[in-house]
Amino acid sequence: MTTRTRHLQSVETPAGEARITWHGTARPRLVLAVSHGAGGGIEARDLVALAAALPPRGISVALVEQPWRVAGKKVAAAPKALDTGWRALWPALAEQGLPVVAGGRSAGARVACRTAAGLGAAGVLALAFPLHPPGRPEKTRLAELTGAGRPTLVVQGGRDPFGNPSEFPVPGAGDTYRLVEVAYGDHGFAVPKRADTTQEEALAVITGSVADWLLDLPL
């Protein structure tokens, strides 16, 4: 039986107090540090599912709450402030001496992509990457994703208005990212009741693909 642990850690950053909720395991081989988006917190269904599913497979999960969220604000900070908070958190995420994969959903995925190379992340997990604002495909953020400079896994809902999987270029031989589609999922990976897959099955796609990718990383 795998021993699992959970504890909270507060970290002071130049952007204010941030918080890490650790979901650990005995003898982990790596840490997945993943943050929330601009419209919600670490209670997002995909983050909760990863925190439950990965520790039994030897992966510690650190759910990161950005300072604006800890402070109770309803509007996310500017991208520069988000990056500042994330960079300041990194020593706490890496203090166990394990490889750390930077991750996030939506706006958190953009932060992870922008900062991964400079922080020496072992990889990037981009959940519901906001490829563009809804209805504005010309406002692409693809350069942030392709410029991450680290092996990257993109997990995208099939109905995501911020960019469905068909809008992403097919990764070529020189690209470092892989793309996994969650059929029928929206930006929060919610699946309609009329779909021929269940919410539980959709979450299993996320947790299974993320676990397999993490355990296959060349660490």
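Points to keep in mind about this one:
- Stretchable slack from Val170 to Ala52, in nm (0.36 nm times residue separation minus alpha-carbon distance): 39.4 nm
- Here the Debye sum runs over all C-alpha atoms of the chain as equal scatterers in vacuum, and log10 of I(q)/I(0) at q = 0.08, 0.12, 0.13 Å⁻¹ comes out as -0.25, -0.58, -0.68.
- With the whole protein complex present, Tyr184 retains an accessible surface near 90 Å², based on a 1.4 Å probe.
- Each residue of the stretch 35-126 gets 90 Å³ once the volume of the Cα convex hull is shared out per residue.
- Around Ser209: net Lys/Arg minus Asp/Glu count, Cβ-Cβ under 11 Å: -2
- Principal axis dimensions, largest first and in whole angstrom, of the stretch 156-219 by Cα: 39, 25, 17
- Ordering Leu82, Leu119 by accessible surface, largest first, gives Leu119, Leu82; the 1.4 Å probe counts only protein heavy atoms, with every chain in place.
- Förster radius 25 Å - calculated FRET efficiency between Ala78 and Ala26 (Cβ-Cβ, nearest 0.05): 0.05
- Here each label is just a point 7 Å from Cα along the line to Cβ, and for Gln9 and Ala117 those points are 2.7 nm apart.
- Cross-link reach list, aspartates and glutamates versus Lys193, counting only Cα pairs under 13 Å and skipping chain neighbours closer than eight places: Glu201
- Positive minus negative residues near Gly16 (Lys, Arg vs Asp, Glu; Cβ under 12 Å): 0
- Alpha carbon centroid spacing (whole Å) that separates the stretch 1-80 from the stretch 102-163: 17
- Residue with peak Gaussian network fluctuation, the chain [Cα springs, cutoff 10 Å], from Gly118, Gly158, Gly149: Gly118
The values are calculated or read from the model by the stated rules, or taken from the named source; none is laboratory data. In this text the structure is predicted, and so the values were computed from the model without any measurement. For neighbour counting, all protein chains shown are included, and Cβ atoms are generated from backbone atoms with ideal geometry for every residue, glycine included. Heavy atoms of the whole protein, side chains included, go into the accessibility calculation; ligands, DNA and RNA do not. Shrake-Rupley method; radii C 1.70, N 1.55, O 1.52, S 1.80 Å.
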